[in-house]
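See below for the structure under consideration.
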Amino acid sequence: MALLKKTILSGMRPTGKLHIGHLLGVLNNWASLQDEYNCYFEVADWHALTSEFAGARQLSANIREMAVDWLSAGLDPEKSVMFVQSGVPEHAELHLLLSMITPLPWLERCPTYKEQINEIKDKDLSNYGFLGYPVLQAADILIYKASVVPIGQDQLPHVELTREICRRFNNLYGNVFPEPVHLFTKVPKVLGTDGRKMSKSYNNSIFISDTQEDCVKKIKTAFTDPQKMRKGDKGHPDCCPVFMLQEVYAPGQVPEIRKDCESGVLNCVDCKKALLEELLKAMDPIREKREKILAQKGRAEEILREGTKKAEITAKKNMAEVREAVFGKNHV
Ligand code: TRP
């Protein structure tokens, strides 16, 4: 018998176009898992609603943009299921059943919840849905019986909660779900062009969809070491956002760049030229894929629709099993 592939589920909230931080930290990793695993990649639009409920109408455009980025980064609909959460209502049903068995304190003490409630003051987060965010995430994972969940460090509390909810469910109703494990993604440190965290809201991002001209402009005007004012000045690569990009895009040249920057032989303009060459080389195949996808009008949406249908088949089957485990046979 052929070895069954393990199932992976991961997801992203549709925030619109993605930057190279997402590419290097998430998408490249997802793309590399597609052969070894049975992959489900979810557009978590209901998760976005937990805080962006007032902007729900913006989500469709964001989903479309994100799907094109996913595809240009190498997610392959022939290999993986790419789907939209709200198109699979079984997630909501499982979320409801899991919410019955999730003690409130598990949610109230979740570090991501506490942090966001304390730090985000410009949004109303005092909602039932926001507190239940990790329960919804547990439903996403468990409904596909995923056993592996690739995530960044920040999502660990949610996967741990998923494991606890999973154990509780299995103890109460029988062994329905495999207990999922997280798979950490190595996230290279990429700063925005101004040296702060790369983020759309800071206007310092290099987007996956940027043209060559955009990239040139952004690198040309990117901050470097503020103490290296003119040619010949000694630089401090470890506090330079351009150097951090060199570490990602030109790892082979990094020792030399470091030495020449620190001694002052290398000036920032030449350093940036060398980086641009590598960056553009790396972005070329992505741009080509994007152009191919965009040339077929409506293709990204069609891929999501087909993926959502596939996801629904699995979710329906597993949900039938869940209902029977909870209520017994012939409940309704
Ligand atoms: N909460 C995740 C994030 O903000 C997105 C997400 C939703 C997710 N459902 C998921 C991640 C299931 C992994 C598994 O990044």
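Tabulated values for the structure
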quantity: Those residues of the range 72-127 which are of a type in the set (D, E, K, R), surrounded by fewer than 18 Cβ atoms within 10 Å (Cβ to Cβ) and under 30 Å from Asp35 (Cβ atoms), in sequence order; calculated: Asp76, Glu78, Lys79
quantity: Close pairs from the range 1-24: first touching a residue at least 60 places away in the same chain (Cβ under 8 Å) and buried (at least 22 other Cβ atoms within 10 Å of the Cβ), partner outside any loop (DSSP other than H, G, I, E, B) and among the hydroxyl-bearing types (Ser, Thr, Tyr), Cβ under 6 Å, at least 6 apart; calculated: Leu9/Tyr40
quantity: Matching residues in the range 1-56 - criterion: being within 15 Å of Ile208 (Cβ to Cβ) and of a type in the set (Phe, Trp, Tyr); calculated: Trp30
quantity: Hits in the range 254-264 - residues which are without any contact (Cβ under 8 Å) to a residue 24 or more places away in the chain and either farther than 17 Å from Phe223 by Cβ or among the aromatic types (Phe, Trp, Tyr) (or both); calculated: Val254, Pro255, Glu256, Arg258, Lys259, Asp260
quantity: Filter result for Val248 (hydrophobic (A, V, I, L, M, F, W, C), exposed (fewer than 13 other Cβ atoms within 10 Å of the Cβ) and part of a helix (DSSP H, G or I)); calculated: no
quantity: Residues (within 14 Å of the ligand (Cβ to nearest atom) and under 20 Å from Arg64 (Cβ atoms)) located in the range 17-29; calculated: Leu18, His22, Val26, Leu27
quantity: All positions within the range 266-324 that are among the acidic types (Asp, Glu), closer than 30 Å to Lys234 by Cα and surrounded by fewer than 16 Cβ atoms within 10 Å (Cβ to Cβ); calculated: Asp270, Glu277
quantity: When residues of the range 153-180 are limited to those that are within 12 Å of the ligand (Cβ to nearest atom) and closer than 12 Å to Ile141 by Cβ, the one modelled with the lowest pLDDT; calculated: Gln155
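This table checks each residue for (1) in the same structural domain as Ala92 (by TED's automatic domain parsing); (2) basic (Lys, Arg); (3) in a helix (DSSP H, G or I); (4) loosely packed, with under 15 Cβ neighbours inside 10 Å.
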{"site": "Pro134", "(1), (2), (3), (4)": "yes, no, yes, no"}
{"site": "Val176", "(1), (2), (3), (4)": "yes, no, no, no"}
{"site": "His182", "(1), (2), (3), (4)": "yes, no, no, no"}
{"site": "Lys186", "(1), (2), (3), (4)": "yes, yes, no, yes"}
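Conditions (1) assigned to a loop (DSSP other than H, G, I, E, B); (2) hydrophobic (A, V, I, L, M, F, W, C), marked per residue:
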position	(1), (2)
Asp214	no, no
Pro226	yes, no
Val254	no, yes
Arg258	no, no
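The values are calculated or read from the model by the stated rules, or taken from the named source; none is laboratory data. What you are looking at is a predicted structure, and each value in this text was computed from that prediction instead of being measured. We place every Cβ from the backbone using ideal geometry, glycine too, and count neighbours over all the protein chains shown.
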